[in-house]
């Protein structure tokens with residue numbers, strides 16, 4: 001284990017920003033700390049770095065308890081959200097800073113920086129000052145500076161937050177490649193689900209200072225541990241049908257609920273991709289009117305309005321949509337292929353009710 | 001509507017410029033020139049003689065000593081206060097900020113009187129100081145204290161906004177790269193506040209050398225001992241001897257030179273800062 005947190009709590013005053021968090025990061029892993037702002041993810045990152053001290057609990061780096069080690073002694077590389085480049089130093093001096101502090105020989109420093117400049121595509125920019133660089137260049141200098149002293153672990157706080165959308169995509173791919181090449185244990189903080197799903201090997205999801213789930217992108221997407229994760233990772237329709245005679249009903253929709261007492265409300269969730277639509281009105285069980293179509297590229301998002309007024313979101317491919325001759329205002333039939341009981345089951349129900357369809361590929365689903 | 005709707009008419013423009021220039025000339029430039037003219041009224045020899053009189057030399061020495069003691073203390077305090085205010089959150093922060101500004105809002109004479117009330121013979125610590133044979137009021141320590149009081153805000157006031165704008169990330173970055181507190185301060189913090197610090201120092205220096213009111217109250221005006229340059233100017237000006245007014249202006253001319261020098265450095269620093277800003281803005285635009 002490269003990094004381990006055991007029961008870590010951090011209180012600011014009386015508020016617990018991080019509450020009893022336990023997880024571990026394997027050597028060489030690329031881990032995302034994901035959650036809405038205020039979820040405590042940056043505080044966790046700063047505690048690993050030693051910039052914040054846990055109120056209770058232990059932090060281990062490579063098996064060694066580091067609670068009492070200062071930030072200087074932990075040998076970590078930290079990349080700040082706004083990069084925090086030294087404004088009064090040029091690119092070379094920025095990257096050399098950590099090496100000079102660690103008393104490397106001048107020749108070794110020059111060799112190491114030459115190596116990093118090549119790796120990061122920053123050749124020729126040595127004499128530039130931070131204000132003379134583009135956002136993407138600044139980020140690369142910040143990462144090069146953090147990696148220069150060969151840290152045990154690279155920590156990045158919202159690494160893609162400060163650049164615009166187009167460059168962000170390039171940087172994501174670049175970070176994955178870099179991690180692949182260097183194989184240094186990397187943890188980054190993000191509030192963007194898509195970013196976490198795309199870049200990370202594993203994801204830790206926080207909300208309100210509590211760890212909600214740890215897992216691979218596929219795990220947290222397909223087997224969310226709870227409703228928060230289900231709704232945070234990707235879109236989800238959530239309904240609260242009421243039980244009558246073993247069936248939970250809301251409008252036209254019915255879900256089997258044998259053994260549940262009458263009057264009880266279940267919380268049911270299903271992904272937009274689990275809604276199957278057909279222009280053939282006899283093919284599926286429910287009827288609805290296609291109200292709006294949103295073009296998202298290869299995939300489309302459609303809103304269905306049921307006769308009872310209930311609105312649900314569905315997703316389908318462009319080809320399927322065209323093939324069926326769909327358009328706004330058209331009447332369709334649909335079914336829900338897969339759903340989950342999120343909460344409210346008084347007696348045991350199967351955790352997931354599937355109709356036997358595999359989940360489609362992940363990306364693009366969580367728009 | 002004229003096509004040049006937002007522009008002033010040329011007449012208004014020239015009238016405004018003329019008023020501003022005339023005002024500056026009559027109230028600022030003319031007195032300044034007059035100081036030098038009066039100082040040299042009896043010729044260069046008399047000018048030089050006035051400056052090298054023992055009492056005048058003593059006043060110059062005392063004023064330099066005052067600056068030498070006050071400015072470093074002010075730098076030390078200013079850095080500490082600005083650091084605390086810009087980088088930490090603590091209860092009582094607004095009170096500290098208000099306290100730093102206090103000397104700006106208190107009349108210097110009142111500041112001097114406060115010291116007399118505290119350290120004078122009839123004052124709070126008076127008996128104790130007398131018993132231990134320590135003299136503060138009507139002596140150099142009193143003058144130093146009065147000057148420290150009135151110059152208190154200069155460096156801190158310049159540094160607080162600069163440090164607040166810079167934030168703590170660069171320092172934290174230095175820490176994660178292995179730097180200790182002193183290395184971080186020396187290599188990261190100090191360079192980033194360099195110009196604000198120099199600016200604060202020259203303002204503080206100018207005030208320390210030029211302060212009259214507070215110093216006048218606590219000094220006791222003992223020629224050759226507790227007279228600073230501003231006090232010496234006043235004493236000479238009120239002197240009855242032939243040419244003493246010219247001597248007063250001679251000493252005053254030194255203070256005026258200091259003022260001009262301060263103004264020059266200040267303008268240079270502002271020009272430099274504006275140039276750096278423009279460089280940054282230019283880059284962002286491109």
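The values are calculated or read from the model by the stated rules, or taken from the named source; none is laboratory data. None of the values given here were measured: they were computed from a predicted structure. Virtual Cβ from ideal backbone geometry, glycine too; neighbours counted across all protein chains shown.
Residues B:252, B:223, B:245: which one is under 23 Å from the mean Cα position of the chain (by Cα) and surrounded by 15 or more Cβ atoms within 10 Å (Cβ to Cβ)?
B:252
Contact list please: Cβ distance under 7 Å, first residue in the stretch B:87-104 and assigned by TED's automatic domain parsing to the domain that holds residue B:151 and at positive phi, second residue modelled with pLDDT of 90 or more and in a loop (DSSP other than H, G, I, E, B), pairs at least six apart or on different chains.
That search, which allows pairs on different chains as well, returns nothing.
If only one of A:184, A:189, A:141 is at pLDDT 90 or above, over 19 Å from the mean Cα position of the chain (by Cα) and surrounded by 23 or more Cβ atoms within 10 Å (Cβ to Cβ), which one is it?
The unique qualifying residue is A:141.
Going through A:213, A:260 one at a time, which residue ends up being over 19 Å from the mean Cα position of the chain (by Cα) and crowded, with 16+ Cβ neighbours inside 10 Å?
The match here is A:260.
In this structure, is residue A:267 crowded, with 19+ Cβ neighbours inside 10 Å and either closer than 18 Å to residue A:253 by Cβ or in contact (Cβ under 8 Å) with a residue 40 or more places away in the chain (or both)?
The answer is no for residue A:267.
Among the residues in the stretch A:54-70, are any closer than 22 Å to residue B:184 by Cα, within 13 Å of chain B (Cβ to nearest Cβ) and not in a loop (DSSP other than H, G, I, E, B)?
Within the stretch A:54-70, none of the residues are closer than 22 Å to residue B:184 by Cα, within 13 Å of chain B (Cβ to nearest Cβ) and not in a loop (DSSP other than H, G, I, E, B).
Name the residues in the stretch A:153-181 that are modelled with pLDDT under 90 and in contact with a strand residue (DSSP E or B) (Cβ under 6 Å, 6 or more places away or on another chain), would you?
Within the stretch A:153-181, A:159 is the sole residue that qualifies.
Condition test on residue A:87, is it buried (at least 16 other Cβ atoms within 10 Å of the Cβ), without any contact (Cβ under 8 Å) to a residue 24 or more places away in the chain, within 13 Å of chain B (Cβ to nearest Cβ) and within 24 Å of residue A:132 (Cα to Cα)?
It is false that residue A:87 is buried (at least 16 other Cβ atoms within 10 Å of the Cβ), without any contact (Cβ under 8 Å) to a residue 24 or more places away in the chain, within 13 Å of chain B (Cβ to nearest Cβ) and within 24 Å of residue A:132 (Cα to Cα).
Buried (at least 20 other Cβ atoms within 10 Å of the Cβ), touching a residue at least 12 places away in the same chain (Cβ under 8 Å) and within 11 Å of another protein chain (Cβ to nearest Cβ) - does that describe any residue in the stretch A:105-123?
Within the stretch A:105-123, not a single residue is buried (at least 20 other Cβ atoms within 10 Å of the Cβ), touching a residue at least 12 places away in the same chain (Cβ under 8 Å) and within 11 Å of another protein chain (Cβ to nearest Cβ).
Within the stretch B:139-211, which helices (runs of 4 or more DSSP H) (wholly inside it) include 1 or more residues that are crowded, with 23+ Cβ neighbours inside 10 Å and more than 10 Å from every other protein chain (Cβ to nearest Cβ)?
B:140-151, B:153-166, B:190-210
Which pairs have Cβ atoms under 6 Å, sit 6 or more apart or on different chains, and link a residue in the stretch B:210-221 that is on the phi > 0 side of the Ramachandran plot to one that is part of a helix (DSSP H, G or I) and modelled with pLDDT under 90?
Listed pairs, sorted by first residue: none to list.
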